[in-house]
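The values are calculated or read from the model by the stated rules, or taken from the named source; none is laboratory data. Note that the coordinates shown come from a computational prediction; the quantities given were computed from them, not determined experimentally. Neighbour counts run over all protein chains shown; Cβ positions are idealised from the backbone, glycine included. In case anyone asks, the SASA skips ligands and DNA or RNA and just uses the protein heavy atoms, side chains included. Shrake-Rupley method; radii C 1.70, N 1.55, O 1.52, S 1.80 Å.
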Amino acid sequence: MLIHPWDSATEDEALDFVRANEFGHLIAAGRGREVPVVVPTQFLLTGDRTILLHLARPNPIWAAIEENPAVVVSLAGDWSYVPGAWKALPGLEDPRMGTPTTYYAAVQLVCRAEVVGDAEGKAEILRAQLARLEAGGELVDPAEHGRRLPGILGLRLTIQEVNGKFKYGGNADERHRRHIADRLAERDGPGDAAARRHLLRRLDG
């Protein structure tokens, strides 16, 4: 993806976004395919360099991964539409000349995939995911579902490259960005609060 210098995220910033949004698209290009295989999925980022997940055995992505273990995990979110008029300072600039845009965060992780097919390895992945998602801890151990484990395969992805983009007006001066932050707070629509937090965090940080 295109990342202008003013939108570029640090690796820590990008991985923090991933931890807070552990759902995205797993993309496997395979070899010689007209289009890649794209699978929406929940996953778990462990440490800074490993992603764990599981998928049903009939999923078409397994063939593509066997052809080529290089995959991409792609996330995007915290987006908000910014009307063109908001880009003009009141009383100083013509709001009709404002250029609309969309604020958003996006992270793409280039990874190498390792398929986990043994029962205990799959159970370990499930345990890690459930520890994050099932706070009560009342479910039985995944190994208790022995008959169901053959129906899934696990994936261990080693992150090799982190590309993060935080498009929140970084090319505008502070006065324009704070004006937009005020408009986001006033509108308070879906995504506006998250976009405003990113805008102010990157402005004040």
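For the reader, a short list of remarks on this structure follows.
- With respect to the stated conditions, residue 184 fails to be closer than 20 Å to residue 56 by Cβ and of a type outside the set (S, T, N, Q).
- Subset tally (residues that are within 18 Å of residue 51 (Cβ to Cβ) and in contact with a strand residue (DSSP E or B) (Cβ under 7 Å, 6 or more places away or on another chain)) for the stretch 1-17: 6
- The listed residue being more than 17 Å from residue 199 (Cα to Cα), part of a strand (DSSP E or B), open to solvent by 30 Å² or more (accessible area, probe 1.4 Å) and touching a helix residue (DSSP H, G or I) at 6+ places or on another chain (Cβ under 8 Å), out of 115, 110: 115
- Taking first residues from the stretch 32-49 that are under 19 Å from residue 134 (Cα atoms) and modelled with pLDDT of 95 or more and partners that are part of a loop (DSSP other than H, G, I, E, B) and open to solvent by 50 Å² or more (accessible area, probe 1.4 Å), no Cβ contact under 6 Å between residues at least 6 apart in sequence or on separate chains turns up.
- Only listed residue being open to solvent by less than 80 Å² (accessible area, probe 1.4 Å), modelled with pLDDT under 95 and not acidic (Asp, Glu), chosen from 149, 155: 149
Residue-by-condition table, conditions (1) within 30 Å of residue 188 (Cβ to Cβ); (2) among the hydroxyl-bearing types (Ser, Thr, Tyr); (3) touching a residue at least 12 places away in the same chain (Cβ under 8 Å):
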position	(1), (2), (3)
3	yes, no, yes
8	yes, yes, yes
11	no, no, yes
21	yes, no, yes
51	no, no, yes
62	no, no, yes
70	no, no, yes
75	yes, no, yes
86	yes, no, yes
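- The one condition in (1) surrounded by 11 or more Cβ atoms within 10 Å (Cβ to Cβ); (2) outside any strand (DSSP E or B); (3) out of contact with any helix residue (DSSP H, G or I) (no Cβ under 6 Å at 6 or more places or on another chain) that residue 138 fails to fulfil: (1)
- Listed conditions (1) surrounded by 15 or more Cβ atoms within 10 Å (Cβ to Cβ); (2) at pLDDT 95 or above; (3) not acidic (Asp, Glu) are all met by residue 102, apart from (1).
- Subset of the stretch 186-205 [surrounded by fewer than 12 Cβ atoms within 10 Å (Cβ to Cβ) and part of a helix (DSSP H, G or I)]: 186, 204
- Filter result for the condition that a residue is polar (S, T, N, Q) and under 30 Å from residue 171 (Cβ atoms), over 21, 59: 21
- Of all residues assigned to the stretch 159-177, none qualifies as being closer than 11 Å to residue 103 by Cβ, assigned to a helix (DSSP H, G or I), open to solvent by less than 20 Å² (accessible area, probe 1.4 Å) and touching a strand residue (DSSP E or B) at 6+ places or on another chain (Cβ under 7 Å).
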